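Read the structure below first, then the notes.
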Amino acid sequence: MIQVSRPYLPSQKKFQKYCEGIWQNHHLTNFGPLSLKLEERLCEYLGLDHILLLANGTLALQIAYKIAGLKAGDAVITTPFSFVATTNTLLWEGLEPIFCDIDSKSFCMDKAGLEACIKDAQDPKALLPVHVFGNPCEVEFLESIAKQTGLKLIYDAAHAFGVNYKGKSVLGFGDIATLSFHATKIFHTTEGGALILREKEAMDEARSLINFGLKENMPSRLGINAKLSEFHAAMGLCVLDDMPFILEERARLWRRYAEGLGGLFDMQAWQEDSTNNHHYFPLLFKNEKALLDSVKKLNQNGIFPRRYFYPSLAALPFSQQKANCPVALDIANRILCLPLFVGLDEKCQEKIIELLSRNA
Ligand code: T4K
């Protein structure tokens, strides 16, 4: 069976070496030496000043809302085209998602749609755009809107590890950015995530928030537990060493798909002046029926792509917040992500291309 993704596993020996250290120092979690080392190495790798590791990307979003000062009942303008965690975290925190439609080419938040949304929304407090599939949003435009309106700007950058915009990490934009280091991510720590903050004071506050709100071992404010363990950090340190190889392999596979299918299907338009981390290979079908026919064919051949991201988050059954976002609805109904991971067999990739070409 070929799934949409298969987690990258680094050298077992190297991982065991880190584990030997854990066995020696008995430091298993709570900001141990490996997680601090990983934070430092990630800052260096991504060219950022402050990164805080967390247990997952979902908690990273929730903590980001706290750091931004959002309170239950506050409205947040976000995108309906993302993984469900983007909206779930807002709802979980009692925040109100206001959905802004997406651009039909980039699949990121639409400029004109956002301006209309800000006009219509009642006193929104923040923007939560997503660099979807790693494709940078219109960061300069969003920055200027945030400045004009005083809205906090939080990027869900779960897919954007290693993506640069105009020569610097796209994670450096906005007030806060969040990452997911889930096993299926390009860089991972098995489970994990990160907050990218701009100032040391915010870092200290977030570090306390994810450690029960403790300060010098005393409860100082309401907090939660969202720390990353040393075993997770060890995995991250091993995977980080292999990033050049991972990126190269993914780029090679991505290019082969693009060569084989790019002329037959519509693809996401990538932001200019940006690098692509080749995290996903989304393909846009002419209609949902064509997509379902292809999925059936692929499944019959043991291949299981995913409908990332379907359904549109503006149509979640457990959310009261509905919105008229026709572009997101249309894209969500027609998009399919193909298997893309280090180790994807060449013959299998050719088979996928052949099956899809026949159905195009
Ligand atoms: N914001 C955005 C924009 C996100 O995309 C995500 C997560 C988040 C926030 C939240 O971050 P985290 O809290 O997750 O850190 C997967 C991932 O679980 C999720 O992290 C990711 N986005 C989302 C896009 O994809 P599923 O439900 O599709 O995962 P799953 O378990 O079905 O895995 C996909 C395929 O990978 C499977 O068919 C088989 C393969 N696989 C998976 C795992 C976990 C393996 O071979 N081995 C494994 O251990 O959500």
For LYS125, work out the one condition from (1) away from the ligand (no atom under 15 Å from the Cβ); (2) surrounded by fewer than 19 Cβ atoms within 10 Å (Cβ to Cβ) it doesn't fulfil. (2)
Within the set of pairs 6 or more residues apart or between chains, which connect a residue that is open to solvent by 50 Å² or more (accessible area, probe 1.4 Å) inside region 132-152 to a residue that is part of a helix (DSSP H, G or I) and of a type outside the set (A, V, I, L, M) with Cβ atoms less than 8 Å apart? GLU138/LYS111
When only residues in region 109-131 that are of a type in the set (A, V, I, L, M, F, W, C) and without any contact (Cβ under 8 Å) to a residue 24 or more places away in the chain count, which is farthest from ALA160 (Cα to Cα)? ALA116
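Please work out which residue is nearest to CYS238 (Cα to Cα), limiting yourself to region 196-212 and to residues that are without any contact (Cβ under 8 Å) to a residue 60 or more places away in the chain and open to solvent by 20 Å² or more (accessible area, probe 1.4 Å).
Among residues in region 196-212 that are without any contact (Cβ under 8 Å) to a residue 60 or more places away in the chain and open to solvent by 20 Å² or more (accessible area, probe 1.4 Å), the one nearest to CYS238 (Cα to Cα) is ASP204.
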Subset of region 303-360, residues in contact with a Pro (Cβ under 7 Å, 6 or more places away or on another chain) and more than 22 Å from TYR257 (Cα to Cα), comes to SER312, LEU313, ALA314, GLN321, ALA323, CYS325, ALA328
Could you identify the single residue in LEU329, LEU291, LEU316, LEU284 that is more than 14 Å from the ligand (Cβ to nearest atom) and either open to solvent by 70 Å² or more (accessible area, probe 1.4 Å) or among the polar types (S, T, N, Q) (or both)? LEU329
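Are any of the residues in region 68-86 open to solvent by 70 Å² or more (accessible area, probe 1.4 Å) and of a type in the set (Asp, Glu)?
If we filter region 68-86 for residues that are open to solvent by 70 Å² or more (accessible area, probe 1.4 Å), which is where we start, we get 71-72, 83.
From what's left, of a type in the set (Asp, Glu): none.
Among the residues of region 68-86, not one is open to solvent by 70 Å² or more (accessible area, probe 1.4 Å) and of a type in the set (Asp, Glu), which makes the answer no.
What residue, of GLY223, GLY174, GLY193, GLY162, is open to solvent by 20 Å² or more (accessible area, probe 1.4 Å) and either of a type in the set (D, E, K, R) or under 25 Å from MET109 (Cα atoms) (or both)?
GLY162
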Any residue in region 46-60 that is closer than 16 Å to ASN164 by Cβ sitting within a Cβ distance under 7 Å of a residue that is open to solvent by 40 Å² or more (accessible area, probe 1.4 Å) and not hydrophobic (A, V, I, L, M, F, W, C)? List the pairs, counting only those 6 or more apart or interchain. GLY47/LYS168
Any idea which of (1) over 17 Å from ARG41 (Cα atoms); (2) out of contact with any Gly (no Cβ under 7 Å at 6 or more places or on another chain); (3) within 13 Å of the ligand (Cβ to nearest atom) is the one HIS182 doesn't satisfy? (2)
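Considering PRO305, PRO311, which residue is open to solvent by 20 Å² or more (accessible area, probe 1.4 Å) and either within 30 Å of GLU248 (Cβ to Cβ) or out of contact with any Ser or Thr (no Cβ under 7 Å at 6 or more places or on another chain) (or both)?
Being open to solvent by 20 Å² or more (accessible area, probe 1.4 Å) and either within 30 Å of GLU248 (Cβ to Cβ) or out of contact with any Ser or Thr (no Cβ under 7 Å at 6 or more places or on another chain) (or both) holds for just one of PRO305, PRO311, which is PRO311.
The values are calculated or read from the model by the stated rules, or taken from the named source; none is laboratory data. Given the structure is predicted, the values throughout are model-derived calculations rather than measurements. Neighbour counts are summed over all protein chains in view; Cβ atoms, including those assigned to glycine, are modelled from backbone coordinates with ideal geometry. Remember, those area values only see protein heavy atoms, side chains included, never the ligands or the DNA or RNA. Shrake-Rupley method; radii C 1.70, N 1.55, O 1.52, S 1.80 Å.
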